[in-house]
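First up is the structure itself, then whatever we jot down about it.
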Amino acid sequence: MKKQSEGTAKISVKDLSLYYGEKQALYSVSLDIEEKKVTALIGPSGCGKSTFLRTLNRMNDLIDGVKISGDIVIDNEDIYKSSDVIKLRTKVGMVFQKPNLFPMSIYDNVAYGPRAQGIKNKKELNKIVEESLRGAAIWDEVKDRLKSSALGLSGGQQQRICIARAIAMKPDVILMDEPTSALDPISTLKVEELIALLKKEYTIVIVTHNMQQAARVSDKTAFFLNGEIIEYDVTNNVFSNPKDQRTEDYVTGRFG
């Protein structure tokens, strides 16, 4: 696999292997993820793409019996040799498959992280909440109901609040694990439009089962199969001119 030119990688992964107990889930994965680009991870169920995504902010640390070898370097720091996981998860935000809002107001959901970091000043919190909701392209829809429960919103709105909550922590990287799989087509489109806006400010890595979505939103695509990266290239090449027969079989719907 051709290496990218030096200096463009926000995240550099080298020879990453992961085991759940005795079962190996990732095999010597190496790739560079470029800054302020959208990188899509595609592949059939159980191929390792979500497992890989969770290694980028050490979410797999929460699972018993996980063993990891190899290196993940973000901004020249090896995240598995650094012990400050809280700092890492502030820098590398995460948006999950289903909206996972707290049973509190829209305002309190977005202000939760900054408050946990010790920000108590009301004016500053107001500014962070508004900027984050604007950044998630949902301010105009919720600005008059900030004190209402976030759980009263539609699924698509809830997912954008989750994105606002991630933005409020001022991350560099946003990980998205199938962020639209529980949403209707109109909400999906809104989240996809939001991803296009967000990449001006953030590096985004998205796991998606929807290949049309990967083609629409991403700059580069990695195709995973059985815990390995089979192909990683500019998205257009992966879909229209894949180098590996297995990639072609997958993107043309022959399996998966």
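The values are calculated or read from the model by the stated rules, or taken from the named source; none is laboratory data. Note that the structure is a prediction, hence the values are computed from the model and not measured. So basically every Cβ, Gly included, is an ideal-geometry build from the backbone, and we count neighbours across all protein chains shown.
Would you pick out the residues in the range 203-231 that are out of contact with any helix residue (DSSP H, G or I) (no Cβ under 7 Å at 6 or more places or on another chain), surrounded by fewer than 22 Cβ atoms within 10 Å (Cβ to Cβ) and either in a helix (DSSP H, G or I) or modelled with pLDDT of 95 or more (or both)?
Of everything in the range 203-231, those that are out of contact with any helix residue (DSSP H, G or I) (no Cβ under 7 Å at 6 or more places or on another chain), surrounded by fewer than 22 Cβ atoms within 10 Å (Cβ to Cβ) and either in a helix (DSSP H, G or I) or modelled with pLDDT of 95 or more (or both) turn out to be Gln212, Asn226, Gly227, Glu228.
Among the residues of the range 174-194, how many are in contact with a strand residue (DSSP E or B) (Cβ under 8 Å, 6 or more places away or on another chain) and surrounded by fewer than 22 Cβ atoms within 10 Å (Cβ to Cβ)?
2
Identify, by number, the condition in (1) under 19 Å from the mean Cα position of the chain (by Cα); (2) buried (at least 16 other Cβ atoms within 10 Å of the Cβ); (3) at pLDDT 95 or above; (4) not charged (D, E, K, R) that Val66 doesn't meet.
With (1) under 19 Å from the mean Cα position of the chain (by Cα); (2) buried (at least 16 other Cβ atoms within 10 Å of the Cβ); (3) at pLDDT 95 or above; (4) not charged (D, E, K, R) applied to Val66, the lone miss is (1).
(1) closer than 28 Å to Ile11 by Cα; (2) modelled with pLDDT of 95 or more: which one isn't true of Gln97, the others all being true?
It is condition (2) that Gln97 fails.
Restricting attention to the range 57-94, which residues are within 17 Å of Lys10 (Cα to Cα), aliphatic (A, V, I, L, M) and touching a residue at least 40 places away in the same chain (Cβ under 8 Å)?
Within the range 57-94, Ile72, Val73, Ile74, Val92, Met94 qualify.
Which residue, of Lys200, Lys170, Lys190, is in contact (Cβ under 8 Å) with a residue 60 or more places away in the chain and either in contact with an Asp or Glu (Cβ under 7 Å, 6 or more places away or on another chain) or on the phi < 0 side of the Ramachandran plot (or both)?
Exactly one of Lys200, Lys170, Lys190 is in contact (Cβ under 8 Å) with a residue 60 or more places away in the chain and either in contact with an Asp or Glu (Cβ under 7 Å, 6 or more places away or on another chain) or on the phi < 0 side of the Ramachandran plot (or both), namely Lys200.
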